[in-house]
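Structure first, then comments.
The values are calculated or read from the model by the stated rules, or taken from the named source; none is laboratory data. All figures in this text were calculated on a predicted structure; none of them were measured in a lab. Neighbour counts are summed over all protein chains in view; Cβ atoms, including those assigned to glycine, are modelled from backbone coordinates with ideal geometry.
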Amino acid sequence: MGQEIELKLVLSKDDIPQFRQHEVFSRYSSGSSTWSLSNRYFDTVDQALTQAGTALRIRCQGNKFIQTVKAGGSNIAGLHQRTEHEWLLEHDALDLSMIPSGLIPEHVNPAEIRQQFATDFERECWLLQLEDGTEVEVVLDQGEVKAGHQRDPICEVELELKRGQVSALFELARQLGGDIPLVPSDISKAERGYRLINNVTGACAKVPVVNADDTVEAAFAALLGFELESLQRQWEAFHFSQNWTHLYSFRSTLGNIRTHFLLFKDILPRPCLEIPLATLGWLEDKFNPMLNWWPACYALSRQANDPPRTASEALQQTKARHALEQLQALEQQPEFGSRLLSLSVWLHGQQWRDHYDDDMHQRARIAISESILEPLRHQCAALHLSECGGNASYWLERQPMVQGLNHLCRTLEGMLGCELTHMRNELNHIEDNLVELNAMDVVSRLGDWLQRLSFEEKQSVNSWARTQPVVMRNLNVLAQKLANGI
């Protein structure tokens, strides 16, 4: 039995030659070894093992067959920590009798366990001996996940800590990603397989359970870890599905993180926020120009270069191609992955503590249930929604904060119950209306597109757009209800 601690990064095939030539390998390693690996993953038809957080596989490496069970552990902002059990097999067949009681959940019937999918890839491995005695295994995997006729390519780097501190993994990832586009990834090979057989994108991270007696600091760390995991999953989901709504969710998650920083500002000294806030600003500056036209890009990224069927579709495709060009340029910047990684480094290093005094230490230890309601009420009031009136731009400026507050209320409602219900209900209605108002704003800037619509289509769009005053009237009513409730 061993504890597996690893950091996963995704890279482009075009960047592999440069990756192999990175100076860390010549400085800290005597060379690399390469071999082929085939893995078969097993579960019941209803996937009882993965639902219980357990992975079961057989790995074929040359003439060796290794049965592995991975269970428990954690996954926070891209850092995977799991318990791993291995047994050497004589043949390429499961031998469940070798697995101690308790590793396979009791409710799972061993007779129902069958192969679900497989992975085949080439692994190139370097063992790095760093100057401080830290030992890290770096592997480059290239191949594919196979489930029936479906395939998902593998091109990723794993940094596994063999000896030393976790901080060394992040520092090594930072060095590797300084000149090469490496993006932190939260998706394991096993999850890629389940994604194929279940026909899902895997964009949703598991919402953390925040208990009433958790400290403010523990709750903040859990919530931020969830948001960083969501960022990585949304980015990966877009690449898997080419569905632009995942990038829109990515931008919304950036807003959620900003909201967390505001709500937990009593335990976050201002100097400690300089790096994460600069990172959020950089990412927003990159994504906002692309996503201003996201309705035109939605579901078009796969067909952006196909011959258009109508004039309106031609305009949409032009917008989609332009956004895709911006996205490709972003992917080629090493700074993108480095920025995402810096947020994980900040969280795992608890860098806000570097500026703590006794008073902040004390506030950080207060129970979350005793301290979160007042900041939520304060931020709702600070939106000044009642001052927006009939000005659409004022309303839209507040959309990211409304989304962030609503998101946090949904997460914490199970802990605080009815105390948050009114606030969440009103924020939810406001957010729905802001989404519609935002769509109207986008359409109002598509003058050329509107002119190319058929008469019936144009009438339908104009009729919908004329309801904007109704939407803003609804928003003003909801804003008053929210104000009365807080």
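State which residue pairs qualify: first residue among the charged types (D, E, K, R) and inside the range 266-278, second residue assigned to a helix (DSSP H, G or I) in any location, beta carbons under 6 Å apart, and separation of 6 or more residues or different chains.
From residues that are among the charged types (D, E, K, R), the pairs are ASP266/ARG363.
Take the range 400-422 and flag every residue that is in contact (Cβ under 8 Å) with a residue 60 or more places away in the chain and more than 18 Å from VAL207 (Cβ to Cβ).
PRO400, MET401, HIS422
Can you name every one of the strands (runs of 3 or more DSSP E) wholly within the range 61-144 that holds 3 or more residues which are of a type in the set (Phe, Trp, Tyr)?
114-129
Looking at the range 4-19, can you tell me whether even one residue there is in a strand (DSSP E or B), of a type in the set (Ser, Thr, Tyr) and touching a residue at least 24 places away in the same chain (Cβ under 8 Å)?
For the range 4-19, residues in a strand (DSSP E or B), of a type in the set (Ser, Thr, Tyr) and touching a residue at least 24 places away in the same chain (Cβ under 8 Å): absent.
Could you please let me know if THR50 is within 25 Å of GLN116 (Cα to Cα), part of a helix (DSSP H, G or I) and either at pLDDT 90 or above or under 27 Å from the mean Cα position of the chain (by Cα) (or both)? Walk me through how you get there before you give the answer.
Values: within 25 Å of GLN116 (Cα to Cα): yes; part of a helix (DSSP H, G or I): yes; either at pLDDT 90 or above or under 27 Å from the mean Cα position of the chain (by Cα) (or both): yes.
So THR50 passes the test.
Determine whether ASP152 is over 18 Å from CYS60 (Cα atoms) and touching a residue at least 60 places away in the same chain (Cβ under 8 Å).
yes
Can you tell me which residue among VAL45, VAL69 is surrounded by 12 or more Cβ atoms within 10 Å (Cβ to Cβ), modelled with pLDDT under 95 and either acidic (Asp, Glu) or not assigned by TED's automatic domain parsing to the domain that holds ARG233 (or both)?
VAL69
Could you list, in sequence order, all residues of the range 361-381 that are at pLDDT 90 or above and either among the β-branched types (Val, Ile, Thr) or within 21 Å of LEU277 (Cα to Cα) (or both)?
Residues satisfying the conditions are ALA364, ILE366, ILE368.
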